[in-house]
Structures are given as C-alpha cells and as structure tokens.
Amino acid sequence: MTRTKQLLLAAALPTFALCQPIQAGAASGVTILAQQEPPQQKKQQQPKPAAPQQKPAPPKQPQPPAVQKPAPPPPPAAQQPQASPPPSVGQPQPPGRRPLPPAAEQPHPGAPPPPTAQPPHPGAPPPPPAAQGHPAPPAAAAPGLHVAPRTSQELEEQRRHAEQWRSGKVQDLRAQRQEVHEGNSTFIREPDRTIIQEGGHVVIRHNEVDRFGLHARNVHVEQQGRDTLTIVERPDGIRIVTVVGPDGGLLRRLRRYPDGREVIIIDNPVREFRGIADFYVDLPPVVIGIPRERYILDLERAAEADIYAVLIAPPVEPLARAYSLDEIRYSRPLLERMASIDIDTINFDFGSWEVAPDQVGRLAWVAEAINKAVAANPREVFLIEGHTDAVGSDIDNLSLSDRRAEAVAMVLSEQFQVPPENLTTQGYGKQYLKIPTDGPERRNRRVTVRRITPLLVGQQ
C-alpha cells in the first residue's frame, strides 16, 4: 500500500463498511447503542478561615505581629485538575501496541456500569473540533488531561449542524463527492465519509468518535507513535478513549470513569492488513439449527420478551478465534453466525436518513433490551446495519444506508440512553436483499441489530 493510500485511509478514521461487488441498488439504514449514567457529584473543598493575627511579643523583645495568611479558595470545579488514576492492574498490552495512559483496574465484566453522560442529539453530524482555540495538554498528561470546556457558542453551532445533518438528502451529497484513483483502488470522498472500491469489494467508513463526542465537555486528540488516540470527556467526567492505527482501523475502545476504573469495550487483535480483501473472512455457509423466527426476528411481529432472547443468543456455530471489528463488518459469513433483529417498523422518506418523530417510539423495546444486556455486561457491542432496496445508484445506496444506521444509533442514545460506545454502525446498501426484487420494496429498506460481542472475544 502506497503512502498516498495510507493517508487517504487514515483521513476517514474508524468506521468500515464492507460491501461485496456492487450492483444497482436502493436505500436503507442501521444503528447501535448502549447505556449511560447521571453525573457523579464532586465534593467541593471549603476555603479554610483565616487564622487570627498573633499578638506582639512582650515589650522586652518587641516583634512585629505574625499574620497567618488565609488558605486560598479552591479553583472553580471546571478548572480543578483531575488526579491521575493509579496504573492499570493485570492489563497486559498486546504485542506491538503502544500502551494507553495508565488507569485503574477494570471492574468485573458483569458489574453494572456507573452512570454515563447525557446521550447525543439524534441525527447529529460530526461535531466541530471541540478543542479549537484551546491549548492541548502534553501527551504525558493524558490521564489527568483537562481541556477548556466548550463554550455556549460552540454548543449552539453543534446543535445547528445537527439539525442540518438530520434534514439532509442523499442528492445533496452528489455535488460534494470527490473521486481519486490510485492503482486498483478508487476513493470517493464525501464531507463525512469515504467510500473505497478495491479488488471487487466496496467499503464505506466514517469516524464513530464524532458520534461519541456529541455534547461532550471536551475532545482531545493526540498522536502516540503511528497511532491516534482520541479522548472524549463527557459533562459527568466519563471519558471514552479510542485508539486507531495509521490506516484508520480501530485498535481499542474503552470507557474510563472519574475514579479511574475502566471497561475495555473493544480490543482488536493486532494483525497486518495490506488491503480491504485482507479483512474478508471466508467461511462455509452457516447451518441454522434453530427456528427461523429465533434467528432473524421481525420487530413488527415480535413479542417484547423475544427481542432480548434473540439479542443475547450465543453463536449458532462454534467460532475458530476472536475477530477484529473490521473483519466482522466486512465478512457476511461471519455475521451470519449471530442472530439478528430486523427493525422493519422504521420507514425513511426517499433519499432521507431522518427518523421521523412519530417513529421514534418504535425503537423502545430494542433499546430496553440493549440497555439490559449492557447493564449485565458493560463490554457488550451491538452492530446496527443499514440496508436498502435495489432502486437507485450503488454509491447513493451505500452512503444512505450508512447514514440511516448512524441516525438510528443516535436516536437510541438520545431518546433511550443507550451508551453510544457500545454501538457500532455500518451500511451495506442493497447487497443483502430480504426480498429478492429489483423494484422498490419497503421490507428491504430496513435496519438490523445484531450482537457481535462473541465474535470480538472469540466466545464459543
């Protein structure tokens, strides 16, 4: 891979979406989420009262009175430096990976997570650089890092961008696309996404850190060798730490609490990937030994209890190993080892990725099931897939389905407090039609939710 290709790959940052050779297509969306928590109150120190002035010494040896200075008042809460948490215990770093800033020992995976921050606004776009105009601290200060909070003007600008993003249309993106060819690869860049065509495969990717950073107190980005580390700090002090490699591939994601405890959500195995085809895992067709309705559950006809049962179901076949997030996104045979839920109750307008207000409530049961699973295991990860029907251009469908998946994930976090870092999103365009037809079909314009935790950890 040439240096130019590496730079173009790194510019897009984490989220990958694999699509096999594209045909003529249509549009749909995908989502994923997790649970969050109210802020923890910090005790504010009270200034010590000034000590009274001492009386002068006896007249035989007169001395000036000694005055004890009052203790200075504590700095405002927003400016108080946070104490660095103790080093992590029992957390060996995988070979070849640069260590993260130290943190305290993780809680047991089954322990319920402390409260998280308020979720982002649904359908919001990538936020503006949070630390603009604020000096970034040195890399060594990362565990106790402090960047000045976002101003009210910055938050208002973010809200305005969110409204614009939610009301966007796919036809508006066409004039903004830029196409670059390099060797056997084609890069199609949109304002917040990159589509890569290479060797018969098509990938769309976007930066998921943007979704985590919505309404964040500050966002800090720094280089650690060839890797990029992003720390999103929420108003309650919880930080989401994301590490990506030089090609934009996700290496690690964790949630760090103000007391130093942390939960590693994704820890991808370190492997050398030369191109998109290296992420594809070729497996024999899956053998389904459970009823069809327990393998692919249609939300429109589902009972509430069935949703949770399907979401936490184990793989339908044994797994050979743990897989990286990008291998999971790219490889349909691998995803088919897990049961899924088709959210066929959400209907998008043509060319739009906005979730209509009257359809938000249809996600309530799915959100409740995801929150219940994350409460039991804070490391759970759910993939929200976006799918379209077969009408429209391939590039339009791929971009539209990826945005719809993200929009659903945002609604889950904003309206139902699903932790955004426990969700990942991917659009697949019209590649995986539910109803095999080239015409418009509502059932093909769907979002699918699938638990992928066992695939990430190699759980049998």
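The values are calculated or read from the model by the stated rules, or taken from the named source; none is laboratory data. These numbers come from a predicted model, not from an experiment. Quick reminder, even Gly has a Cβ in these numbers, built from the backbone with ideal geometry, and neighbours come from all protein chains shown. With ligands, DNA and RNA removed, areas are computed over all heavy atoms of the protein, side chains included. Shrake-Rupley method; radii C 1.70, N 1.55, O 1.52, S 1.80 Å.
Rounded to a whole number of µm²/s, how large is the Stokes-Einstein D of region 230-294 at 4 °C and 1.567 mPa s, given Rh as the Kirkwood radius over C-alpha pairs? Don't jump to the answer; show the numbers that get you there.
Details: Rh = 15.2 Å.
The estimated diffusion coefficient comes to 85 µm²/s.
Sort GLU368, GLU380 from largest to smallest accessible area, using a 1.4 Å probe on the heavy atoms of the protein chains. Write out the running numbers ahead of the final one.
Working: GLU368 105, GLU380 15 Å².
Largest to smallest exposure gives the sequence GLU368, GLU380.
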**OP:** Name the residues whose placed amide hydrogens come within less than 5 Å of the amide hydrogen of HIS206, ignoring near sequence neighbours (fewer than 5 apart) on the same chain.
**Re:** THR15, PHE16
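Tally up the carbon and sulfur contribution to the accessible surface of region 306-438 as a whole percent, 1.4 Å probe, everything protein left in place.
Working: 1970 of 3680 Å².
So the carbon and sulfur contribution to the accessible surface is 53 percent.
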**OP:** With the full set of protein chains in place, find how many percent of the accessible area of region 234-285 is carbon and sulfur; take the probe as 1.4 Å.
**Re:** 54
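If you take the Cα Rg of region 282-374 and divide it by 2.2 N^0.38 Å, with N the number of residues, what do you get? Could you put the intermediate results ahead of the total?
Values: Rg = 15.2 Å, N = 93, 2.2 N^0.38 = 12.3 Å.
Its radius of gyration relative to the 2.2 N^0.38 Å reference: 1.23.
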Subject >> Heavy-atom accessible area ranking, 1.4 Å probe, most first, across TRP353, TRP365 >> reply: TRP365, TRP353
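With a cut-off of at most 15 other beta carbons within 10 Å, and DSSP calling the residue loop, which trypsin sites (Lys or Arg not before Pro) in region 304-389 qualify? Please list them. Present the calculation step by step, with values, prior to reporting the outcome.
Numbers: sites: ARG321, ARG329, ARG337, ARG362, LYS372, ARG379; in loops: ARG321, ARG337, ARG379.
When the trypsin sites (Lys or Arg not before Pro) of region 304-389 are filtered for loop state and at most 15 Cβ neighbours within 10 Å, ARG321 remain.
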Original post:
Once fully extended, how much extra length lies between ARG226 and ARG174, figured as 0.36 nm per residue of separation less the alpha-carbon to alpha-carbon distance?
Top reply: 15.4 nm
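Can you classify region 319-459 as rounded, prolate or oblate using the Cα gyration tensor, where a ≥ b ≥ c are the square roots of its eigenvalues, rounded means a/c under 1.5, and otherwise it's prolate if a/b beats b/c and oblate if not?
oblate
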Subject >> Calculated from backbone phi, Karplus (6.51, -1.76, 1.60) coupling profile of region 215-222 in Hz, x at Gly/Pro >> reply: 6, 6, 5, 7, 10, 10, 10, 8
**OP:** Have a look at region 188-315 and give its Rg and Dmax from the Cα atoms, expressed in angstrom.
**Re:** 19.0, 51
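Stretch GLU300-ASN347 to full length: gain in nm at 0.36 nm per residue minus the Cα-Cα span? Intermediate values should be presented prior to the final figure.
Details: separation 47, 0.36 × 47 = 16.92 nm, distance 1.19 nm.
Result: 15.7 nm gained on full extension.
Given R₀ = 25 Å, FRET efficiency for VAL316-ASP282 by Cβ-Cβ distance, to 0.05? Don't skip to the end; give the middle numbers.
Working: r = 18 Å, r/R0 = 0.71.
With a Förster radius of 25 Å, E is 0.90.
Which three semi-axes in whole Å describe the equivalent ellipsoid of region 179-242, each the square root of 5 times a Cα gyration tensor eigenvalue, listed largest first?
Working: eigenvalues 193, 37, 16 Å².
Over the Cα atoms of region 179-242, the ellipsoid semi-axes are 31, 14, 9 Å.
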